[in-house]
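Below you'll find the structure, written out as structure tokens, and then a few comments.
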Amino acid sequence: MSRPVFEPGDTIQFTFAASTAPNSGPTFKVLDATATVIASITSVQSDTTHYYALYTVPTTEGPYVGEWFAQKTFSGSAYNFIKRFAFNVQKVRAQ
């Protein structure tokens, strides 16, 4: 499976979907190659189970990780929704 590739400085809409509504809106984080969090974004709700975050990717080329995090409490126990995915920032078009 190949990683998505984004142009440096492009603004991308990342989406989160769940089969049940989380306790609150999920958070979207972006980590660089050293696993340092470089962005933390509060999501925007589309409906009870769908959220999105707009993010302008870095201008520095390289690998990055996107991470969604939310919680759902059911029968007194908290469950974490975590979704991680890798993407690359790379110049793909000529100036």
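The values are calculated or read from the model by the stated rules, or taken from the named source; none is laboratory data. The shown structure was predicted, so the numbers you read here are calculated from the model rather than taken from an experiment. FYI the Cβ positions are ideal-geometry reconstructions off the backbone, even for glycines, and counts take in every protein chain you see.
Any chance you could count how many residues in the range 28-44 are surrounded by 11 or more Cβ atoms within 10 Å (Cβ to Cβ), under 17 Å from Val89 (Cα atoms) and either touching a residue at least 40 places away in the same chain (Cβ under 8 Å) or over 10 Å from the mean Cα position of the chain (by Cα) (or both)?
First, pick out the residues of the range 28-44 that are surrounded by 11 or more Cβ atoms within 10 Å (Cβ to Cβ): 28-32, 37-44.
Still in the running and under 17 Å from Val89 (Cα atoms): 29-32, 37-39.
Among the residues that remain, those that are also either touching a residue at least 40 places away in the same chain (Cβ under 8 Å) or over 10 Å from the mean Cα position of the chain (by Cα) (or both) are: 29, 32, 37-38.
Looking only at that region, the number is 4.
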> If you take the residues in the range 17-39 that are in contact with a strand residue (DSSP E or B) (Cβ under 6 Å, 6 or more places away or on another chain), more than 30 Å from Ser75 (Cβ to Cβ) and outside any strand (DSSP E or B), which one is modelled with the lowest pLDDT?
Replying inline: Ala33
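Would you point out the residue of the range 62-93, among those that are among the small types (Gly, Ala, Ser) and part of a strand (DSSP E or B), that is nearest to Ser24 (Cα to Cα)? Break it down into steps so the answer makes sense when it comes.
In the first step, residues of the range 62-93 are kept if they are among the small types (Gly, Ala, Ser); the result is 62, 66, 70, 75-78, 86.
If we keep only those that are part of a strand (DSSP E or B) as well, we get 62, 66, 70, 77-78, 86.
Details: Gly62: 32, Gly66: 19, Ala70: 7, Ser77: 15, Ala78: 12, Ala86: 24 Å.
That would be Ala70.
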>> Name the single residue that is nearest to Lys83 (Cα to Cα) among those in the range 45-60 being part of a strand (DSSP E or B) and more than 12 Å from the chain's Cα centre (by Cα).
In response: His50
